[in-house]
Amino acid sequence: MYLVVLAGGSGTRLWPQSRAHRPKHLLNLVRPDLTMLQETVRRIEPAIPPENTYVVTSVRHKGEVCAQLGRVPVRNILAEPMGRNSGPAVGLAAAYIHRRDPDGAMLVVPADHLILREEEFREACAAGAKMAERGYLVTLGIAPGYPDTGYGYMELGEPLDVVDGHDVLAVKQFTEKPDLATATEYVRSGRYVWNSGMFLWRASTILEEISCYMPRLYAALVELQDLIGTGREEEALCRLWPTVEEQSIDYGVLEKSSKVVTLPVDIGWSDVGDWAALAEFGEKDDDGNVLSGDAMVFDSHNSLIYSTGRLVTAIGLEDMIVVDSGDAVLVCPKSRAQEVRQVVARLKAEGRDSHL
């Protein structure tokens, strides 16, 4: 089994702490001693050793990724010249793994998710790997605790098997980020799970599906695979990557394939997609506040105060977020945390690159 970590995201909803030069997965957001990337690799290391770990990241961040993951071979850090979404990233890793091990299976995980019940996660992955060996594209589905409009949903189909105590079901359809009314109905029905963005499959299986549904990407991967180990991969990647479709693996392959199944899991998962999500998992004081760094609150409740240097004080806050990154400050209600991406869009439009 090989681990593939997708480390190309930007984490714009965690601005101003997450920036283009140092995105979410390179930060110590959840644990003071480990970045989210390091935590991702550590939690699966009992099952998959560092030499079988691959990380797909950007050229800009390759040096920092190598520095943070010293036990992962440098040759396993695959640097994209430009981000093309998860479809090409998954395909790139699959090409390398297939060249090394034609029968190799791969566990694909984002670099910036939180999982509280790690042993249960590894057990689910072991069960999923058995289905992957049978030629399935396996997704890990999360039982939705509330109608979140920021996640993709998968409709559960017929039960197919029980593997090591884990139910395996067909996936009838995918729905990407439904509106609130639709999400509420999905949760009420009990027939849907969140798409966690974590997958298991054989490298050969996903490459076959890419050949069917993302043919331009597949053509590029075939050409690139022939050059692996020759020293010419970087030049080929820079030449080929602008020609491939910019598409998620979900839309590019999974929504079209007949081989997709899901294992519903309860592993204490969160994508830590915004400051409100981070506040849910932080250590709370007696009033429900989460304080990080030099922060002080008075008569405040259920708020997040996050400082990376300066003293931040707050009086009389209710369900608020305050983040001070040193050169920028964010203040917003928890309920509007997902709108932080609008700040990033405005900064881009105004050319304020120093704050991106």
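Nothing in this text is a laboratory measurement; each read-out follows from the coordinates by a stated rule. Fair warning: this is a prediction, and the values are worked out from it, not measured in the lab. Using ideal geometry, Cβ is built from the backbone for each residue, glycine included, and neighbour counts are taken over all protein chains shown.
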Review point. Using a basic spin-label model with each label point 7 Å from the Cα along Cα→Cβ, how many nm lie between Asp287 and Asp266?
Key: 3.4
Review point. Which residue fluctuates the most in the chain, going by a Gaussian network model with Cα springs under 10 Å, if the choices are Ala295, Ala220, Ala345?
Key: Ala345
Review point. What order do you get for Tyr146, Tyr136, Tyr218 when you list them from fewest to most C-beta neighbours inside 10 Å?
Key: Tyr146, Tyr218, Tyr136
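If you average the sequence gap of Cα pairs under 8 Å that are 6 or more apart and divide by the length of region 2-270, what percent do you get for the contact order?
24
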Check your understanding: Taking every DSSP beta bridge that has both residues in the chain, what percent is antiparallel when rounded to the nearest 5?
Key -> 50
Check your understanding: When the Karplus curve 6.51 cos²θ - 1.76 cosθ + 1.60 is applied with θ = phi - 60°, which whole-Hz ³J(HN,Hα) does each residue of region 29-34 get, with x for Gly and Pro?
Key -> 8, 9, 10, x, 9, 9
**Study point:** Simple Cβ-charge dipole of the chain, Lys/Arg +1 and Asp/Glu -1, about Cα centre, in debye nearest 20
**Key:** 940
Exercise for review: Calculate one ³J(HN,Hα) per residue across region 164-173 by plugging θ = phi - 60° into the Karplus curve 6.51 cos²θ - 1.76 cosθ + 1.60, and present them in order as whole Hz with x for glycine and proline.
Suggested key: 6, x, 9, 5, 10, 10, 5, 10, 7, 6
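Run the helix sum for the chain: -39,500 (n - 2.57) per DSSP H stretch of 4+ residues, divided by residue count, reported at 222 nm to the nearest 500 deg cm²/dmol.
When only DSSP H runs of four or more count, the value is -8500 deg cm²/dmol.
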Check your understanding: Lysine pairs in the chain 8 or more apart or on different chains: how many have alpha carbons under 20 angstrom apart?
Key -> 9
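In what sequence, highest mean first, do 318-328, 13-23, 167-177 appear when ranked by Cβ atoms within 10 angstrom? Let's see the in-between values first.
On the way: 318-328: 17.7, 13-23: 20.7, 167-177: 15.9.
Answer by packing, highest mean first, reads 13-23, 318-328, 167-177.
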Point to revise | Where labels lie 7 Å past Cα in the beta-carbon direction, separation of Asp103 and Ala345 in nm | key: 5.0
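Starting with the fewest neighbours, write out Glu118, Glu235 ranked by other beta-carbon atoms found within 10 Å of each beta-carbon. Walk me through the numbers on the way to the answer.
Details: Glu118 15, Glu235 10.
The most exposed by this proxy come first: Glu235, Glu118.
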Practice item. Please name which of Ser196, Asn28, Val260 has its Cα lying farthest along the dipole of region 2-270 towards the positive end, using unit charges on Cβ (Lys, Arg +1; Asp, Glu -1) and the Cα centre as origin. Key: Asn28
Revision key, fill the gap. Quick calc of log₁₀ I(q)/I(0), region 260-356, Debye, one scatterer on every Cα, no solvent, q values 0.18 1/Å, result -0.87
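Could you tell me what % of all Cα pairs in the chain have separations over 40 Å? Please report the intermediate quantities before stating the final value.
Values: 8374 of 63190 pairs.
Across the chain, Cα pairs with separations above 40 Å total 13 percent.
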Point to revise | Under 5 Å, built H, 5+ apart or other chain: amide partners of Tyr192 | key: Leu156
Review point. If you take the square roots of the eigenvalues of the alpha-carbon gyration tensor of region 119-158 and sort them as a ≥ b ≥ c, do you get rounded (a/c under 1.5), prolate (a/b over b/c) or oblate?
Key: oblate
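Quick one: Phe199, Phe281, fewest Cβ neighbours within 10 Å first, how do they rank?
Working: Phe199 26, Phe281 15.
If I rank by nearby Cβ atoms, fewest first, I get Phe281, Phe199.
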Exercise for review: Could you work out which residue, out of Tyr251, Tyr54, Tyr153, moves most in a Gaussian network model of the chain, that is, has the largest mean-square fluctuation with Cα springs under 10 Å?
Suggested key: Tyr251
Review point. Which of Gly165, Gly197, Gly273 moves most in a GNM of the chain, Cα contacts under 10 Å?
Key: Gly165
